[in-house]
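Worksheet for the structure shown next.
The values are calculated or read from the model by the stated rules, or taken from the named source; none is laboratory data. Keep in mind the model is a prediction, meaning the values are calculated, not measured. Using ideal geometry, Cβ is built from the backbone for each residue, glycine included, and neighbour counts are taken over all protein chains shown.
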Amino acid sequence: MRYQYQSSFSRGNYFGPRLFTDAIKLLISINFVIFLLQSISGQERILFQLFGIVPKNTFGQLMLWQPFTYLFFHGGIWHVLINMFVLWMFGSELETLWGRQEFLKYYFLTGVGSGLVTVLFSLNSPVPVVGASGAVYGILLAYGLIFPNRYVYLYFFIPVRVKYFVIFIGALAFFSSIGAGSSGVSHLTHLSGMLIGFGYLKSNVRLDALKSIVLQQKDGIRHRIIKKKRRRDDDLRLEVDRMLDRINEVGYDALSEKEKKFLYEASKKLAKGEDRN
């Protein structure tokens with residue numbers, strides 16, 4: 001998949017979300033339905049232990065589904081609202097640019113990947129981690145790389161370029177993760193989502209560049225082969241024309257057996273080449 005790096009898209013330099021795209025609509029619907037069900041059940045503590053990431057249990061109790069399911073559970077109404085709002089704001093245009101399949105692939109790569117990093121760096125923690133923030137931070141990072149010079153309005157008033165906004169958010173997640181003692185928000189998960197997204201997008205750009213080089217080399221080789229074949233065909237035609245002139249002068253029977261055989265084989269080769277063209 002080719003990732004475009006550009007400062008603007010079809011709607012100019014100012015940021016603005018699109019309508020609900022397919023993947024965004026699906027993700028937001030699932031998240032809100034699960035949040036409603038968990039709230040109605042009144043069993044959030046048990047649900048978080050089972051379906052959130054509890055690093056101590058993910059590998060210790062073989063609850064290997066947790067790095068996936070934690071993405072769909074949230075710790076409160078504002079938690080789910082903010083995550084889904086940001087997902088819609090920044091993700092809708094990315095899905096339009098990439099397509100549904102590639103967008104979902106990126107979303108779950110950053111979300112599940114950041115969950116696994118959280119487990120690995122806090123193996124003995126009994127505290128559940130829930131929320132789509134790892135994937136959402138990955139989306140923010142992608143938007144900042146692809147549309148770095150777009151403007152987003154901070155607090156709906158202050159225009160800030162998206163690249164500076166993403167750098168600020170990333171730095172905040174980094175420094176918070178260093179001193180995140182009793183915080184209920186896993187800043188490490190946020191930072192991991194951004195780093196995984198960065199690595200994935202950059203590797204895809206390199207792969208695209210490599211593919212382009214390989215294709216150019218293949219085209220060059222193919223062009224040289226075609227050119228060489230055409231040169232051989234031209235030489236063959238000249239020889240055939242020379243022999244036809246001789247036939248006009250002395251007749252076909254005057255040709256040697258070797259010349260007759262050559263003329264027959266050359267005619268077949270040239271006829272095949274014309275059929276392919």
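List of remarks:
- Helices (runs of 4 or more DSSP H) fully within the range 12-87 counting 1 or more residues that are aromatic (Phe, Trp, Tyr) and in contact with a Pro (Cβ under 8 Å, 6 or more places away or on another chain): 44-51
- Any hit, the range 93-105, residues being basic (Lys, Arg), part of a helix (DSSP H, G or I), assigned by TED's automatic domain parsing to the domain that holds ARG150 and under 20 Å from ILE24 (Cβ atoms): yes
- Some residue of the range 49-59 being in the same structural domain as VAL119 (by TED's automatic domain parsing) and touching a Gly at 6+ places or on another chain (Cβ under 8 Å): yes
- The residue list SER192, SER177, SER183 contains one member that is among the polar types (S, T, N, Q), surrounded by fewer than 13 Cβ atoms within 10 Å (Cβ to Cβ) and either modelled with pLDDT under 75 or part of a helix (DSSP H, G or I) (or both), which is SER183.
- Matching residues, the range 248-262, being surrounded by 13 or more Cβ atoms within 10 Å (Cβ to Cβ) and at pLDDT 75 or above: GLU259, PHE262
- Looking across TYR107, TYR143, one residue alone is within 23 Å of PHE48 (Cβ to Cβ) and in contact (Cβ under 8 Å) with a residue 40 or more places away in the chain. It is TYR107.
- Unmet requirement for LEU94, which otherwise passes all of (1) more than 29 Å from the chain's Cα centre (by Cα); (2) surrounded by 20 or more Cβ atoms within 10 Å (Cβ to Cβ): (1)
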